[in-house]
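This report concerns only the one structure given below.
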Amino acid sequence: MGFRAILGPAMHDDLSSDPAGDAVGDAPGARAVPWWQTATGYQVYPRSFCDSDGDGIGDIPGITSKLDHLADLGIGFIWLSPVYASPMADNGYDIADYRAIAPEFGTLDDFDRLVAEAKARGIGIVMDLVVNHSSSEHAWFRSACQGRDAPFHDYYIWRDPAPDGGPPDGRRAAFGGSAWSFVAEVGQYYLHLFSPAQPDLNWQNPGLRAEIWDMMRWWLARGIAGFRMDVISLIGKDVDGGIDEEGPYLHGFLQEMHREVLAGRDLVSIGESWSVSPETALMYCGRDRHELDMVFQFAHVKEGWDPVHGKFRPKPFDLVAFKRVMFDWQAVMTNDGWNSLFLTNHDLPRQVSKYGDDGEYRVRSAKALATLLHLMKGTPFVYQGEEIGMTNATFTAISQFRDLEILGHHAESVAAGMSEAEFIAGANVNGRDNTRTPMQWTDAPGAGFTAGTPWIDINDNHVRINVAADRADPDGVFAHYRRLIALRREKRVISHGALTPWHEPHPQVMVYTRDLDGERVTMIANVSGEEVRFAPDPALVAQGVCLVHNVAPRDAVTSDLALAPWEAFALLSRADGTTPLAA
């Protein structure tokens with residue numbers, strides 16, 4: 001049974017379309033719209049979602065226990081951060097066995113039960129595929145370190161020392177320090193673009209690629225709905241040429257993956273790339289490329305980083321720059337490819353703290369950000385806790401942080417001239433631990449996450465910001481997300497309508513329209529904490545039906561709008577400005 005069939009007719013319109021285009025209709029040769037184009041994804045970070053056994057670490061049975069929450073939200077698939085066996089140097093992104101579950105997360109039986117229970121609710125499980133690197137505890141790497149003639153030596157990337165005995169080149173690791181580590185038994189350095197505990201795999205080796213294809217098929221046979229591929233743009237690197245990101249072998253490897261594993265299967269494939277650009281995006285997910293379905297790109301994230309000190313010295317939020325990036329990516333995918341839509345994930349800060357107002361206007365700004373994102377063209381992703389407006393943590397000491405990246409960069413940044421206080425402040429704004437504090441289910445001491453001692457501190461504000469409190473409010477953040485997710489399933493103009501940006505230079509207001517088959521959705525958001533008087537372009541003036549709002553419903557876009565702080569709404573009208581027959 002295909003995954004679309006599992007979701008059933010109640011969850012998807014009977015549409016037909018080019019797989020990644022705007023045309024929706026009965027054109028000759030048209031194919032059914034893939035299920036993931038009308039679905040919304042939800043990322044679960046297992047360690048921090050729900051702890052079922054009181055050890056302070058979230059687990060798979062805990063996830064299963066919360067599936068009704070996600071089904072009620074309307075989620076179509078869960079992107080599950082790694083649950084494989086791992087020494088957890090990078091919280092599971094260092095895999096020691098690709099076909100085993102980490103004991104702290106549960107068992108394969110627990111995983112199979114999660115897949116089955118999720119399917120029963122119309123939800124697919126998308127696995128995190130981490131194959132740029134393995135753990136240094138993987139059996140392949142332990143063998144590789146025994147000598148140059150060891151069976152799996154060529155599964156990794158080795159180079160001789162420089163003439164002075166030091167690393168082969170000056171590459172720096174993402175988590176700090178050199179990207180090369182020496183193994184005396186081999187007399188060579190191995191490459192690790194992240195931490196020494198994460199040696200890079202040698203994709204030039206066809207035996208390695210065959211192992212990966214077989215492993216992927218093994219997980220698909222267990223009933224999963226696809227893969228999100230971690231830093232996949234690194235696998236085609238040209239080491240001696242100094243090219244790591246989007247190297248010359250990347251797309252050949254992805255096309256081989258498609259031929260060997262993905263082709264002909266009803267699944268979704270999502271590639272993460274920190275280097276993909278509007279110029280290279282369609283090489284990953286263009287309809288004729290036979291590679292991936294969509295990519296995660298981070299241009300809107302990097303726009304807020306300092307050119308020298310990066311994420312740990314963030315720049316103030318610039319709405320005009322943000323709109324430019326988001327609308328550029330919408331333009332690239334107008335007729336081909338497919339966008340992923342997100343503001344938060346496990347590598348990023350909480351969006352209401354980063355882009356919104358996590359104080360007075362927390363609820364309203366959380367709804368505004370959701371509105372402006374979810375009504376774009378693409379597949380939206382909700383990160384756990386986003387649906388109730390969870391905020392960044394506020395740690396006061398470096399000892400509270402758990403993230404390998406923060407700890408790795410701490411000494412280097414202070415040595416480069418940042419004060420301890422400035423580094424901690426930057427980590428509290430942009431650090432990855434912000435989204436790794438436990439999910440806030442209730443106001444209880446363990447936030448409903450655990451009966452034990454949590455592996456990382458729980459945000460103190462869980463006593464007022466939690467799932468139970470928000471869901472009890474019919475006008476809460478959860479209710480707003482549920483409405484947006486339902487609209488994407490129900491309205492073709494939202495899932496597949498053409499997007500046109502308006503008023504791009506405005507420093508406080510974001511505006512765009514979605515058009516399809518004579519229907520128009522106009523989205524207007526005040527992305528500021530001030531009231532804004534705004535005169536929309538005359539072409540936007542229309543009578544209509546309010547689809548969603550976070551202040552009060554509006555039945556028209558008028559020539560003079562007074563937008564409350566963080567107000568956002570969407571109006572459904574005919575393209576000629578008249579009211580549609582029904583919402």
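For this structure, a couple of remarks:
- The one condition in (1) without any contact (Cβ under 8 Å) to a residue 12 or more places away in the chain; (2) farther than 20 Å from E211 by Cβ; (3) touching a helix residue (DSSP H, G or I) at 6+ places or on another chain (Cβ under 9 Å) that F175 fails to fulfil: (1)
- Test: residue in the stretch 443-464 that is modelled with pLDDT of 95 or more, buried (at least 23 other Cβ atoms within 10 Å of the Cβ) and outside any loop (DSSP other than H, G, I, E, B): yes
- Which numbered condition A210 fails, given (1) part of a loop (DSSP other than H, G, I, E, B); (2) closer than 28 Å to R265 by Cα; (3) of a type outside the set (F, W, Y): (1)
- Residue in the stretch 190-204 that is under 21 Å from R289 (Cα atoms) and assigned to a helix (DSSP H, G or I) present: no
- Scope the stretch 254-308; condition under 20 Å from A225 (Cβ atoms), free of Cβ contacts under 8 Å to residues at least 60 places away in the same chain and touching a Gly at 6+ places or on another chain (Cβ under 6 Å); matching residues: S269, Y284, V295
- Residue in the stretch 543-583 that is nearest to L487 (Cα to Cα), counting only those that are of a type in the set (V, I, T) and under 29 Å from the mean Cα position of the chain (by Cα): V548
- The requirement of being in contact (Cβ under 8 Å) with a residue 40 or more places away in the chain, small (G, A, S) and either closer than 21 Å to K315 by Cα or assigned to a loop (DSSP other than H, G, I, E, B) (or both) is not satisfied by G408.
- When F77, F49, F105 are checked against the criterion of being buried (at least 21 other Cβ atoms within 10 Å of the Cβ), more than 20 Å from the chain's Cα centre (by Cα), at negative phi and at pLDDT 95 or above, a single residue qualifies: F105.
- Residue within the stretch 472-479 that is free of Cβ contacts under 8 Å to residues at least 40 places away in the same chain, among the acidic types (D, E) and over 30 Å from H309 (Cβ atoms) present: yes
- Each residue in the stretch 147-168 was checked for being within 19 Å of D97 (Cβ to Cβ) and either assigned to a loop (DSSP other than H, G, I, E, B) or not aromatic (F, W, Y) (or both), and 3 pass.
- Hits in the stretch 369-393 - residues which are over 11 Å from L484 (Cα atoms), of a type in the set (S, T, Y) and outside any loop (DSSP other than H, G, I, E, B): T379, Y383
- Scanning the stretch 514-553 for residues that are part of a loop (DSSP other than H, G, I, E, B), small (G, A, S) and surrounded by fewer than 23 Cβ atoms within 10 Å (Cβ to Cβ) yields G518, S528, G529, A535, A552.
- Unique match (being in contact (Cβ under 8 Å) with a residue 24 or more places away in the chain and in a strand (DSSP E or B)) among M215, M127: M127
The values are calculated or read from the model by the stated rules, or taken from the named source; none is laboratory data. None of the values given here were measured: they were computed from a predicted structure. Using ideal geometry, Cβ is built from the backbone for each residue, glycine included, and neighbour counts are taken over all protein chains shown.
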